[in-house]
Amino acid sequence: MPEASSPRRTPQNVPYQDLPHLVNADGQYLFCRYWKPSGTPKALIFVSHGAGEHCGRYDELAHMLKGLDMLVFAHDHVGHGQSEGERMVVSDFQVFVRDVLQHVDTIQKDYPDVPIFLLGHSMGGAISILVAAERPTYFSGMVLISPLVLANPESASTLKDKLHITKTSLEKAAEVSVTWIPYAFHLWVLAAKLLNFVLPNMTLGRIDSSVLSRNKSEVDLYNSDPLVCRAGLKVCFGIQLLNAVSRVERAMPRLTLPFLLLQGSADRLCDSKGAYLLMESSRSQDKTLKMYEGAYHVLHRELPEVTNSVLHEVNSWVSHRIAAAGAGCPP
């Protein structure tokens, strides 16, 4: 047993005292990253990463935003990257939301009059939506890249295989779920909850990295990244993602902040129909959707023409909203 005075270490055995970090409300240490401009920042932006990855994968996006005189900050969520916690396990999805709000409040204290934005990808998109819904007038804008609003029906196939479902009403509902009938979704949630009650630590299939991007170099980088968790998705984590989808559905009508939504039409992880649902359900007056035909899930690490467009869209949209927030007027 290590002595009580032994320094806390990352899962990679690096002392947290040597790294930027915060301690969340549960006493868990979270690894943090900061990209700071040379002068006083014009705005702040928190970057929320997706499931299984880490905030270091947003370095290119962060440097671009830093070039707009933004202070960019992020942390590895509980159970991810260099943060503490069992890999890809969280007791409640609200822990992710709570930790982001804690980090935001910590940084905001040093810059009380500076506008603050959110940027989230995939699961991080769901986190960003829930964070924004908790504080409807707090954030000046939000960028969402392939957010988890609806899980793609294809991603439910692993659960179906584990349950050995045949031609039951559940499977029939799943077959028509490409049109996302709510009945089908609620049946999948019920099945997942039953499995979670019996075998919460059962491992489902791994994410097929080939569906992340059409750019083979980016897929290779993902596969070789030692901080990416490539273990199979546990049932207990899957149920938290399903709970998040349900919470996002309830939160969307409360959204009033400006947002930019970027989505690939061939995304096999987060259903592109969710992008249209978010556009229809939110009460935001300033909302923009750009759909990339044929693109996969990780748009900021896609084919060069897609990634370059994503960086341009984010740069232009954020620049405009920073100027509007600084002038105290709508964009």
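Observations
- Selected residue [part of a loop (DSSP other than H, G, I, E, B) and of a type in the set (D, E, K, R)] from 87, 57: 87
- As a summary of the residue check, residue 98 satisfies the conditions (1) at pLDDT below 95; (2) out of contact with any strand residue (DSSP E or B) (no Cβ under 8 Å at 6 or more places or on another chain) except for the one numbered (1).
- Members of region 90-116 found to be assigned to a loop (DSSP other than H, G, I, E, B) and either among the acidic types (Asp, Glu) or over 15 Å from the mean Cα position of the chain (by Cα) (or both), listed by number: 91, 92, 109, 110, 111, 112, 113, 114, 115
- Every residue from region 217-238 that is of a type in the set (A, V, I, L, M) and not in a helix (DSSP H, G or I): 227, 228, 231, 233
- Summed over region 239-297, the residues that are part of a strand (DSSP E or B) and small (Gly, Ala, Ser) give a count of 1.
- When residues of region 187-241 are limited to those that are among the charged types (D, E, K, R), surrounded by fewer than 18 Cβ atoms within 10 Å (Cβ to Cβ) and within 22 Å of residue 126 (Cα to Cα), the one modelled with the lowest pLDDT: 193
- Considering residues of region 50-89 that are within 16 Å of residue 116 (Cα to Cα) and hydrophobic (A, V, I, L, M, F, W, C) only, the residue nearest to the chain's Cα centre (by Cα): 74
- Of the residues making up region 25-58, those that are more than 25 Å from residue 230 (Cβ to Cβ), out of contact with any Lys or Arg (no Cβ under 6 Å at 6 or more places or on another chain) and not basic (Lys, Arg) are 25, 26, 27, 34, 38, 39, 40, 41, 43, 44, 45, 46.
Here's the yes/no breakdown for (1) farther than 26 Å from residue 206 by Cβ; (2) among the small types (Gly, Ala, Ser); (3) touching a Pro at 6+ places or on another chain (Cβ under 9 Å):
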{"site": "265", "(1), (2), (3)": "no, yes, no"}
{"site": "268", "(1), (2), (3)": "no, no, no"}
{"site": "281", "(1), (2), (3)": "yes, yes, yes"}
{"site": "284", "(1), (2), (3)": "yes, yes, yes"}
{"site": "290", "(1), (2), (3)": "yes, no, no"}
{"site": "300", "(1), (2), (3)": "no, no, no"}
{"site": "305", "(1), (2), (3)": "yes, no, no"}
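- Residue that is surrounded by the most Cβ atoms within 10 Å (Cβ to Cβ), among those in region 272-295 that are over 25 Å from residue 308 (Cβ atoms) and not basic (Lys, Arg): 282
- When we screen 80, 54, 75 for residues that are surrounded by 15 or more Cβ atoms within 10 Å (Cβ to Cβ), touching a residue at least 12 places away in the same chain (Cβ under 8 Å), in contact with a Gly (Cβ under 6 Å, 6 or more places away or on another chain) and under 19 Å from residue 300 (Cβ atoms), the only hit is 54.
The values are calculated or read from the model by the stated rules, or taken from the named source; none is laboratory data. What you see is a predicted model, and the numbers here were worked out from it, not measured in a lab. So basically every Cβ, Gly included, is an ideal-geometry build from the backbone, and we count neighbours across all protein chains shown.
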